[in-house]
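The block underneath contains the structure these notes are about, expressed in structure tokens.
The values are calculated or read from the model by the stated rules, or taken from the named source; none is laboratory data. Keep in mind it's a predicted model, so treat the numbers as computed, not measured. Cβ coordinates were reconstructed from backbone atoms using ideal geometry, including for glycine residues, and neighbour counts include every protein chain displayed. Just the protein is used for accessible areas: all its heavy atoms, side chains included, with ligands, DNA and RNA removed. Shrake-Rupley method; radii C 1.70, N 1.55, O 1.52, S 1.80 Å.
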Amino acid sequence: MGEAFGSWEMGNDAELMPLVDMANIACGFHASDPQIMERTVKLAVQSGTSIGAHPGYPDLQGFGRRDMAIPTADIRAMVLYQVGALDAICRANNSRVDYVKPHGALYHRAFADRAVMAVVMQALHDYNDQLSLLVLAAPDSDAIRRLADTHKIRVQFEAFSDRAYADDGTLLSRSIAGSVYKTAEQVRAQTEQIMTQGSVTSISGKVVRFQADTLCIHGDEPNAVQTAQVIREVIAGCSK
């Protein structure tokens, strides 16, 4: 959330914020600016929504979704810079950053490259070891847990209600048609499968099992509010 920039609008944050428990707020590198960051933090505070820093690559033109060859030392510094900036705005509004979720290409690079994952974890530990890191839920999550233990931080695993999966449990590339779900029916079916079976069905029909702590949707999608409403309905139904 908070992925507008200047006079350019993105997402319906005001309507979406009360529907979510956790908000990943852009920190100015892939989207947002100081004013939008503060506006989004205020919305989260009003809704009682947990605030997460959403650091990404320095790529406003590509919305942080293009991979970049950046040395790990530089990745550590840019994660610290972005988390610290959002945390300062939170503190000025009587709140705090509770967790960190890398954005876009940085998120996927960290999942695929353990050296990048390790440096992100180290940055969190060095800044505030009470922050948890959100990572993709996958069949091999034990390896990520062990790495987190090494860096003395907590991890939370997330599944995606609005994205299609590849056979290996990663998200299907956005360059492939159908990678982003556009209908409530698709979102409902995948959310119910995650909640009740601990799995998703990949684009080729393979059942991929994992354990997830939280569900993710994308606030920049036009149907984000509807998607969040559908997920809340599914969660309510599963809780009965």
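If you take every residue apart from residue 146 with its C-beta less than 11 Å away from the C-beta of residue 146, what net charge results, scoring Lys and Arg +1 and Asp and Glu -1? Could the numbers behind the result be given before it?
Working: positive: 114, 145; negative: 140, 142, 149.
Summing Lys/Arg as +1 and Asp/Glu as -1 gives -1.
Using 1/(1 + (r/R0)^6) with R0 = 41 angstrom and r between the beta carbons of residue 35 and residue 70, what's the FRET efficiency to the nearest 0.05?
FRET efficiency, residue 35 to residue 70: 0.95.
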Worksheet item: Quick one: how many Å² of residue 152 are accessible to a 1.4 Å probe, rounded to 10?
Response: 140 Å²
Worksheet item: How many times 2.2 N^0.38 Å is the alpha carbon radius of gyration of the stretch 1-44?
Response: 1.02
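Working out 0.36 nm times the residue gap between residue 232 and residue 142, then minus their Cα-Cα distance, what length gain in nm do you get to one decimal? Mind dumping the intermediate values first?
On the way: separation 90, 0.36 × 90 = 32.40 nm, distance 2.85 nm.
Full-extension gain reported as 29.5 nm.
Thinking of the stretch 59-198 as a set of Cα atoms, what percent of all their pairs are more than 17 Å apart? Don't skip to the end; give the middle numbers.
Values: 6286 of 9730 pairs.
The answer is 65 percent, as a whole percent.
Hey, got the dipole for the chain? About the Cα centre, +1 on K and R Cβ, -1 on D and E Cβ, debye to the nearest 20? Write out the running numbers ahead of the final one.
Values: 22 positive and 28 negative charges, 62 e Å.
With Lys and Arg at +1 and Asp and Glu at -1, about 300 debye.
If each residue of separation counts as 0.36 nm, what is the full-extension length gain between residue 77 and residue 113 once their alpha-carbon separation is subtracted? The partial results should precede the final answer.
Values: separation 36, 0.36 × 36 = 12.96 nm, distance 1.76 nm.
Residue separation times 0.36 nm, minus the Cα-Cα distance, leaves 11.2 nm.
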Item to complete: For residue 126 and residue 12, calculate 0.36 nm times their separation in residues minus their Cα-Cα distance, and state this gained length in nm to one decimal.
Response: 37.7 nm
Discussion item. What's the ranking of 26-32, 228-234 by average number of surrounding C-beta atoms within 10 Å, highest first?
Written reply: 26-32, 228-234
Worksheet, complete the sentence: The alpha-carbon center of the stretch 87-101 and that of the stretch 1-64 are separated, in whole Å, by 12 Å
Discussion item. Sort 213, 220 by heavy-atom solvent-accessible area, probe 1.4 angstrom, most to least.
Written reply: 213, 220
Fill in: Heavy atoms of residue 216: accessible area, 1.4 Å probe, square angstrom to 10
10 Å²
Worksheet entry | Peptide ranges 7-13, 55-61 listed from the most packed, as the mean C-beta count within 10 angstrom indicates | 55-61, 7-13
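Taking K and R as +1 and D and E as -1, what net charge do the other residues with C-beta under 14 Å from the C-beta of residue 211 add up to?
Working: positive: 145, 209; negative: 140, 142, 158, 213.
Net of charged neighbours comes to -2.
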